Amino acid sequence: MRRPASLGGAAVAFLMTASMYAPAAVPTDSLYQLHAQLTTQKAAIADLDVYRGHPTLISMFYGSCPAACPMLITAMQAYESRLDEGSRARLRVLLVSFDSARDTPPQLDRLAKLHRADPARWTFTSASEADARRIAALLGVTYRRLPAGDFDHSLLITLLDGDGRIAATTTTLAGDAAFQASLRSATQPPAREAREH
């Protein structure tokens, strides 16, 4: 019987190096276990973990919402505005629409510009009906379409850590001190970076 060929030294070194740089396993309690496809305001396809590695504020909305959703976006901006510059630079914001039929990339882009959202840190997206339902279930967001085409929905802002685990939530659109403290803590520099400064 022929013996299997052994790996050469170069191949072994390559595999060891590849494993060192392979993405770490997603924690079992991470929202990033869900592989949901999102369409961004730039017409790009992204996964729910688009901001993996960064603390992230995530919420769900729909673009034609007349009052509640604009208030929600303003509230997220208010919470991040109370962070120092370095913390704000580490934070990411992901908004997921459950009205993909109307929230096309041009509409999402218009909304992002209307709210003067930082395109380097904010992403407006839409999800299919099935994926939106699954994301909503994980976040604890409820919504239903009304006969006129609008939506009745809850307002919830969720803070995810860099691995996609829920660190804090709030339904308060202004002045939730505990949520602000969690956001401040989550966006602090890593210990090594802090020591170097």
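The values are calculated or read from the model by the stated rules, or taken from the named source; none is laboratory data. All of these numbers come straight from a predicted model, not from anything done at the bench. Cβ coordinates were reconstructed from backbone atoms using ideal geometry, including for glycine residues, and neighbour counts include every protein chain displayed.
Residue-by-condition table, conditions (1) polar (S, T, N, Q); (2) farther than 17 Å from SER126 by Cβ; (3) in contact with a Cys (Cβ under 6 Å, 6 or more places away or on another chain):
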site: LEU34; (1), (2), (3): no, no, no
site: GLN41; (1), (2), (3): yes, no, no
site: VAL50; (1), (2), (3): no, no, no
site: THR56; (1), (2), (3): yes, yes, no
site: ALA68; (1), (2), (3): no, yes, no
site: THR74; (1), (2), (3): yes, yes, no
site: GLN77; (1), (2), (3): yes, yes, no
site: GLU85; (1), (2), (3): no, yes, no
site: LEU91; (1), (2), (3): no, yes, no
>> I'd like the full set of residues that are crowded, with 18+ Cβ neighbours inside 10 Å and of a type in the set (Gly, Ala, Ser), limited to the range 168-181.
In response: ALA168
> Of the conditions (1) surrounded by 21 or more Cβ atoms within 10 Å (Cβ to Cβ); (2) in contact with a Gly (Cβ under 9 Å, 6 or more places away or on another chain); (3) in contact (Cβ under 8 Å) with a residue 40 or more places away in the chain, SER30 fails just one. Which one is it?
Replying inline: (1)
>> I need the full set of residues from the range 126-166 which are surrounded by fewer than 16 Cβ atoms within 10 Å (Cβ to Cβ) and in contact with a Lys or Arg (Cβ under 8 Å, 6 or more places away or on another chain), in order please.
In response: ASP152
> Counting just the residues of the range 183-197 that are within 29 Å of ALA75 (Cβ to Cβ) and part of a loop (DSSP other than H, G, I, E, B), which one comes out modelled with the lowest pLDDT?
Replying inline: PRO190
> Restricting the search to the range 41-58, which residues are in contact with a helix residue (DSSP H, G or I) (Cβ under 7 Å, 6 or more places away or on another chain), surrounded by fewer than 21 Cβ atoms within 10 Å (Cβ to Cβ) and closer than 28 Å to GLY149 by Cα?
Replying inline: LYS42, ALA43
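Per-residue answers, yes or no, for (1) within 28 Å of ALA167 (Cβ to Cβ); (2) out of contact with any Phe, Trp or Tyr (no Cβ under 8 Å at 6 or more places or on another chain); (3) at pLDDT below 95; (4) among the hydroxyl-bearing types (Ser, Thr, Tyr):
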| site | (1), (2), (3), (4) |
| --- | --- |
| ALA18 | no, yes, yes, no |
| PRO23 | yes, yes, yes, no |
| THR28 | yes, yes, yes, yes |
| LEU31 | yes, yes, no, no |
| LEU38 | yes, yes, no, no |
| ALA43 | no, yes, no, no |
| ALA46 | yes, yes, no, no |
